[in-house]
Amino acid sequence: MLRIRAVGRRFDNGVEALRDVSLDVAQGDFVALLGPSGCGKSTLLRLIAGLDRPDTGGLEWDDGRRTAPGDIGFVFQDATLLPWASAEQNVFLPLRLRGMAWTEAAGAVRATLARVGLEGFEQQRPRQLSGGMRMRVSIARALVTRPRVLLMDEPFAALDEFTRHRLQADLLRVWQDVGCTVVFVTHSIYEAAFLARRVVLMTPRPGRIEREMDSTLVIGPQTRLDPAYTTLVASISRAMEQALTAA
Amino acid sequence: MNERALRAAPLLFGLLALILWEAAVRLAGVPVYIVPGPIAIVQAFLADPSGLLMSLASTLIVTFAALIVAATLGVVLAVAMAASRLARAAIVPWAVVLQVTPIVAIAPLIIIWVGNPFAALVTCAVIVAFFPVFANTATGLASAAPELSDLFVLYGAGRWRTLRLLRLPSALPYFLSGLRISGGLALVGAVVAEFVAGSGGFASGLAYRILEAGYRLQIPRMFAALVLLSIAGIVINFGLGALGDFILRRRGDAPIG
């Protein structure tokens with residue numbers, strides 16, 4: 001669906017965030033970009049979103065057309081909700097920015113909130129919600145436009161472990177239901193192993209893709225107890241270790 | 001320490017100070033035309049309450065007119081600055097010039113240039129009150145999280161929608177705290193302008209009453225006018241603070257404190 005071809009990006013301060021990065025993302029895939037801070041994974045995500053432009057190389061969407069607003073959902077590390085607006089109004093925002101009226105959008109907004117498990121919290125302000133629930137609102141906001149690709153930049157990094165586990169499991173369920181493509185940035189090997197169908201290992205200075213690993217993990221309620229999960233974590237750890245010492 | 005004692009403390013302290021003041025004036029036998037006691041001041045007020053209150057009303061009308069003009073001008077210029085770098089470059093130095101120029105020094109000129117006495121007083125007060133509400137609003141317009149700005153770009157929101165749905169609402173708490181500071185300053189500006197204009201022979205605000213009482217050596221009346229001014233300042237400050245808290249609470253924000 002998306003082909004990233006030999007992309008390079010150097011910031012004005014001279015830092016080379018990405019060098020010669022190529023990656024194919026297939027329709028419906030769940031790709032994790034994994035690496036330590038400074039490996040350019042967030043920069044790559046911003047390039048995919050169109051929030052930044054590469055200096056060299058390019059990105060192609062398979063049908064050749066440029067992405068329209070709403071084709072891409074973006075979830076940041078912080079929930080970044082409008083503090084003065086209710087959960088419902090926050091999720092409505094992307095539709096409102098496309099000129100939709102509330103009466104047209106209300107059904108989709110409520111359905112999306114229900115999908116992320118927030119039925120009954122529509123009228124709450126962000127301040128009244130827990131960190132995990134705020135992140136759910138943020139995910140609902142990204143999903144409400146039915147995006148072709150969902151980009152997530154360490155969305156669960158600031159949550160406690162129990163909340164994180166629950167959100168990870170719910171994210172997989174939503175991904176299976178909705179059938180959109182996900183590109184997920186993380187610095188947690190466990191998170192990448194649990195979530196992704198494909199794990200992309202990145203190394204810093206300059207940011208580049210070291211290796212890609214496919215996961216055959218069966219998604220289910222027992223995944224974390226599955227020996228295959230532990231094995232996958234171990235092999236990713238080993239590969240990451242090698243990549244970092246070689247770099 | 002319980003809440004009620006903390007609330008009562010400033011009142012009790014003020015009362016104690018008044019009693020000590022009255023006692024000191026009486027015991028030392030200071031004449032009222034040098035330092036009047038609180039009782040003499042209250043008597044001076046009661047001797048002509050309507051005259052002083054009319055003057056207070058006149059000063060307050062100038063103050064609020066100036067506050068409304070300063071707030072409108074401040075928001076409009078802050079939005080212009082947020083919209084265009086050229087406008088920012090053009091406005092900022094002049095806003096600073098306006099802020100650092102002592103109003104006392106330019107008030108006589110303004111009173112000469114602006115023919116209408118009311119407009120002249122309001123102009124002086126606007127110059128004093130303008131800066132805080134303007135500078136705070138400008139800061140507030142730029143205060144939205146960069147991720148939220150990115151999100152608006154991602155969804156193709158134009159400038160107008162970004163302003164209306166993100167930047168203006170982000171600026172609201174900043175605007176309200178700027179407005180509170182400007183409210184107090186508008187009163188200061190109005191009084192200063194009245195002092196300057198008062199010696200020129202028009203207007204009837206509280207500052208003019210103070211000057212007039214001074215010329216006639218009616219020192220208790222001078223103090224009474226002064227007390228009314230402080231009360232007006234306190235009410236404006238707390239009133240605008242309460243208004244801000246109310247608006248933000250209704251919107252679901254945490255109060256700015």
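The values are calculated or read from the model by the stated rules, or taken from the named source; none is laboratory data. Every value quoted in this text rests on a predicted model; they were computed, and no experiment measured them. No Cβ is skipped: glycine too gets one built from the backbone with ideal geometry, and neighbour counts run over all protein chains shown.
The requirement of being basic (K, R) and within 16 Å of A:S138 (Cβ to Cβ) is not satisfied by A:R197.
Within region A:67-79, the set of residues being in a loop (DSSP other than H, G, I, E, B) and either small (G, A, S) or at pLDDT 90 or above (or both) comprises A:A68, A:G70, A:F76, A:A79. With respect to (1) assigned to a helix (DSSP H, G or I); (2) at the interface with chain B (Cβ under 10 Å from one of its Cβ atoms); (3) touching an Asp or Glu at 6+ places or on another chain (Cβ under 9 Å); (4) surrounded by fewer than 20 Cβ atoms within 10 Å (Cβ to Cβ), the lone exception for A:R96 is condition (3). Restricting attention to region A:83-90, does a residue exist that is within 17 Å of the chain's Cα centre (by Cα) and buried (at least 16 other Cβ atoms within 10 Å of the Cβ)? Looking for residues that are within 17 Å of the chain's Cα centre (by Cα) and buried (at least 16 other Cβ atoms within 10 Å of the Cβ), one finds none in region A:83-90, hence no. Within region B:195-214, is there a residue that is among the basic types (K, R), within 30 Å of B:P108 (Cβ to Cβ) and either in contact (Cβ under 8 Å) with a residue 60 or more places away in the chain or crowded, with 18+ Cβ neighbours inside 10 Å (or both)? Looking for residues that are among the basic types (K, R), within 30 Å of B:P108 (Cβ to Cβ) and either in contact (Cβ under 8 Å) with a residue 60 or more places away in the chain or crowded, with 18+ Cβ neighbours inside 10 Å (or both), one finds at least one in region B:195-214, hence yes. Restricting the search to region A:110-133, which residues are closer than 18 Å to A:P155 by Cβ, more than 13 Å from every other protein chain (Cβ to nearest Cβ) and without any contact (Cβ under 8 Å) to a residue 60 or more places away in the chain? Listed by number, the residues that qualify are A:T112, A:L113, A:V116, A:G117, A:L118, A:S130, A:G131, A:G132, A:M133. Of the helices (runs of 4 or more DSSP H) lying entirely inside region B:82-187, those containing at least 2 residues that are crowded, with 18+ Cβ neighbours inside 10 Å and more than 14 Å from chain A (Cβ to nearest Cβ) are B:103-113, B:117-141.
Does A:F30 count as away from chain B (no Cβ under 14 Å) and of a type in the set (F, W, Y)? It is true that A:F30 is away from chain B (no Cβ under 14 Å) and of a type in the set (F, W, Y).
Regarding region B:187-198, can at least one residue be identified that is modelled with pLDDT under 90 and either in contact with a strand residue (DSSP E or B) (Cβ under 7 Å, 6 or more places away or on another chain) or not hydrophobic (A, V, I, L, M, F, W, C) (or both)? Looking for residues that are modelled with pLDDT under 90 and either in contact with a strand residue (DSSP E or B) (Cβ under 7 Å, 6 or more places away or on another chain) or not hydrophobic (A, V, I, L, M, F, W, C) (or both), one finds at least one in region B:187-198, hence yes.
Being over 30 Å from A:M133 (Cα atoms) and under 16 Å from the mean Cα position of the chain (by Cα) is the requirement here; does A:D24 meet it? So A:D24 passes the test.
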